[in-house]
Amino acid sequence: MANSTSDQPTGGKKPVVVKKYANRRLYNTATSSYVTLDHLCQMVKDNVEFVVYDAKSGEDITRSVLTQIIVEQEQKGQNLLPISFLRQLISFYGDSVQFLVPGYLEQAMVAFARNQEQMRKSLRATFGIFPFGQFEEMGKQNMALFEQALKMLSPYGAGGAKPATPEAPPPAAEDPRLKRLETQLEALTQQLDVLTKKGS
């Protein structure tokens, strides 16, 4: 599957180049020093754009390194990815709607981040503090909405199991699942807009 343009760093500033060597060591060419996945994790949090290349082949391996960071954080107990989400995500690999998933997940996370930031600003401006209980509750609502969206995306429904006797779509006709998906995504977008307005 081709990478979307959003996979590439944006902005006028060139991304930091990190090289990964055969011994698994990561070398930051901007600071001329070896770094760890924890360093790269902090760079992400600091909004420092970087790309990672295999030092020998020159292949762009940024995606796999970012995935390694996620795995490492999950192993430390900072669990952001529910098991049901992981199962549903895995089920999309090789599916006919696989190409729709990256763009959808990206837009969902953008909406999620915008929602949280608006809520932080509003509460800080009003109270001068941030009530973490309300933030936690809103986070749960967002995650529930996110998981609901994945169930909508699933071609076999919430259960994730293939029907015993699937009906073949009529030849030369548009896949009805894609039509349903468009309708469901539109409804989900409206729900996210409403949630964002509530948080502002």
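Pairs of Cα atoms nearer than 8 Å and 6+ residues apart set the relative contact order; for the stretch 25-89 it is 18 percent. Between Q73 and E49, the simple spin-label model (points 7 angstrom out along Cα→Cβ) gives 2.0 nm.
Out of the stretch 40-102, which trypsin sites (Lys or Arg not before Pro) are coil in DSSP terms and have no more than 16 other C-beta atoms within 10 Å?
Numbers: sites: K45, K56, R63, K76, R87; in loops: K56, K76.
Answer by residue number: K56, K76.
Loop-located chymotrypsin sites (Phe, Trp or Tyr not before Pro) across the stretch 50-94 with a Cβ neighbour count of 13 or fewer within 10 Å are Y93, with loop assigned by DSSP.
Between D38 and Q190, the FRET efficiency estimated from the beta carbon spacing at R0 = 45 angstrom works out to 0.70.
Any read-out appearing in this document is the output of simple, stated calculations on the displayed coordinates, not a laboratory observation. Just so it is clear, the model here is predicted, and its values are computed rather than measured. Don't worry about glycine lacking a Cβ; one is built from the backbone with ideal geometry, like all the others, and counts go over all protein chains shown.
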